[in-house]
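Bear in mind these aren't lab numbers, they're just calculated from the coordinates by the rules spelled out. Everything numeric in this text was worked out from a predicted model, so none of it was measured. Neighbour counts run over all protein chains shown; Cβ positions are idealised from the backbone, glycine included.
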Amino acid sequence: MTVNGEPIRYRLDKDTPLLWALRDASNLTGTKYGCDSGDCGSCTVIVDGHATLSCQVAIAALEGADVVTIEGLAGGRLHPVQRAWEAEQVTQCGRCDPGFIMALSALLRSTPSPSLADLDALPHLCRCGAGPRILKAVARAVAEGRTNAPPIALAPR
């Protein structure tokens with residue numbers, strides 16, 4: 001598979017969840033462990049352009065896949081969602097931030113003007129109650145996407 005634009009071959013058990021391969025073998029700790037059951041979304045990465053819960057997919061299923069983590073999202077500069085996250089001061093504890101940012105980045109790439117129903121469909125949970133600031137950050141990122149801002153992209157090639 002390719003992770004953040006770099007080819008990688010994990011020499012781990014084929015059933016190892018991607019989450020643990022990223023965190024333990026690649027030292028990409030921006031992908032967070034949250035619940036291990038796919039309920040919180042903290043471990044979201046982008047696989048072949050789609051938001052994916054990394055705790056729910058084994059590395060064997062990802063042969064040839066293109067994986068983007070929070071570390072590789074913007075290639076050295078802040079992604080529009082990250083800029084909006086910062087501007088709206090969304091972060092509280094930080095546990096859910098990377099997963100939300102990755103899922104929202106994928107969503108905005110496929111749906112540049114998401115509805116509230118699109119956002120509600122995301123399998124993400126913020127236990128700190130930052131929901132209103134998250135919605136403001138999404139609105140800001142959508143507005144930035146409508147201007148001459150850089151397009152939403154996954155990873156530099």
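Send over the Kirkwood Rh of region 80-146, from the inverse of the averaged 1/r over different Cα pairs, rounded to one decimal Å.
About 11.7 Å for region 80-146.
How do 87-99, 43-55, 113-125 rank on mean C-beta neighbours within 10 Å, highest first?
Per-residue mean Cβ counts within 10 Å order the peptides as 43-55, 87-99, 113-125.
Distance in nm between label sites at Ala143 and Ala61, each 7 Å beyond Cα in the beta-carbon direction?
Going by the 7 Å Cα→Cβ label model, 3.9 nm.
What Kirkwood radius, in Å to one decimal, follows from the Cα pairs of region 1-72?
Result for region 1-72, one decimal place: 11.8 Å.
Quick one: length gained pulling Leu78 to His50 fully straight, 0.36 nm per residue minus the C-alpha distance?
Taking Leu78 through His50 to full extension adds about 8.1 nm, to one decimal.
For region 61-67, take each phi angle, set θ = phi - 60°, evaluate the Karplus expression 6.51 cos²θ - 1.76 cosθ + 1.60, and give the result in whole Hz per residue in order, putting x for glycine and proline.
7, 10, 4, x, 6, 9, 10
Taking amide H atoms as placed 1.01 Å from N in the peptide plane, list the residues 5 or more away in sequence, or in a different chain, whose amide H sits under 5 Å from that of Val3.
Hits under the 5 Å cutoff: Ile8, Val67.
Select from the chain the helices, each a whole stretch of DSSP H, whose alpha-carbon atoms run 18 Å or more along the helix axis and whose Kyte-Doolittle mean is at least -1.0; answer none if there are none.
97-110, 131-146
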